Amino acid sequence: MSKRVRLSNLGMAIFTPDAAAGRVVPPSGFTARLTLFAAAAMAFLAVFALALSLAAGQLAARWSSDLAQAVTVRISAPDGEVAAQTEAALTILSQTPGVTKAAPIGPDMQQALLSPWLGDALPLEDLPLPVLIDVAVDASFDSAGLRARLAGEVPAAVLDDHGRWRAPLVEAAGRLRSLGGLSLALIAAAMAAMITLAAQAALAANARIIETLRLVGATDIYIARAFVRRFTQRAALGSVLGTALGMLAVVFLPGSKDLEGGVLTGLGFSGTDWLWPLCIPVLSVLVAYAATRAAALRNLETLR
């Protein structure tokens, strides 16, 4: 029988009940507890890594969208020219395609923007602050054209399209999303390593039983089938429990209303995102199956 056929039969055996083969592996003990704990812990952590990855992607999209739809015009001029320069800038903005709204930022808003840095008691009237015009734009907005017109007609005006702020923020959110993906990969690798160690320990502890089974005619496929089935089932149970606990913990995380403006705002799942954690037990079963099969076949060769 070819190796490919043997492995195919071994894979089909996971879903075929066989009480006799199941008795080859002890139903309880250290290996059972280790497998259950490893699968549950890794699944629990995977839920949060997945939540982090999804939240980072949403955060990058939100930052990019919010900053792309707003620009600021800053006017710094002598006191006698501020009003005229501001009026000229507003006139140009009202004539610019893609500009949906333009309004100067009042003293109250400036106070709110500066208070986190300079305190609430900041005397704005004593500071030579520039006039800021908040501009809302749509997809047809041409920042280069507006910047050139302002430079020619309103020399005291400077257009800031937030490009230097948007790029680093989006890049940081993208790196955070990549970190979440890397965490998922490391969690899968750690789970595979723990289950492999548990399977090797079980095989070593049952070396005499394996030798006896071989003497009475049991094949390595029959023996490996028992170990793969038992450890895969334990990993499936542990991952389901860990995923359920992780999803429950995510439900109680602070929402976006509780963390306004925070980097972790909206960390969790919403809508169809709740379907993604359901993939974790499936992936855990695949990882456990592959790790246990490799460990079983390798160790059975060495026990000959």
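A short reminder: the numbers here are calculations on the coordinates, not readings from a lab. Because the structure is predicted, anything quoted here is derived from the model rather than measured. All Cβ positions, even for glycine, are placed from backbone atoms using ideal geometry, and neighbour counts span all protein chains on display.
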**OP:** Would you mind ranking Val158, Val47 by Cβ crowding within 10 Å, fewest neighbours first?
**Re:** Val158, Val47
Subject >> Net charge contributed by nearby residues that have their C-beta within less than 15 Å of Ala38 (K/R +1, D/E -1) >> reply: +3
Original post:
How far, in nm, would the chain grow between Ala244 and Arg298 when pulled straight, counting 0.36 nm per residue and subtracting the alpha carbon separation?
Top reply: 16.1 nm
Subject >> Cβ-Cβ FRET estimate between Ser178 and Asp108, R0 fixed at 41 Å, reported to 0.05 >> reply: 0.55
Original post:
With a 10 Å Cβ neighbour count serving as the proxy for reagent exposure, in which order, fewest first, do Leu45, Leu59, Leu113 appear?
Top reply: Leu113, Leu45, Leu59
**OP:** Please list, in chain and number order, the residues 5+ apart from Val137 or on another chain whose amide H is under 5 Å from its amide H, with Hs placed from the backbone.
**Re:** Ala70, Val71, Thr100
Original post:
Quick one: if the Förster radius is 51 Å, what FRET efficiency do Thr100 and Arg33 give, using the C-beta to C-beta distance and rounding to 0.05?
Top reply: 0.25
**OP:** Starting from the Cα-Cα distance between Ala207 and Leu283, subtract it from 0.36 nm times their residue separation and give me the gain in nm to one decimal.
**Re:** 24.4 nm
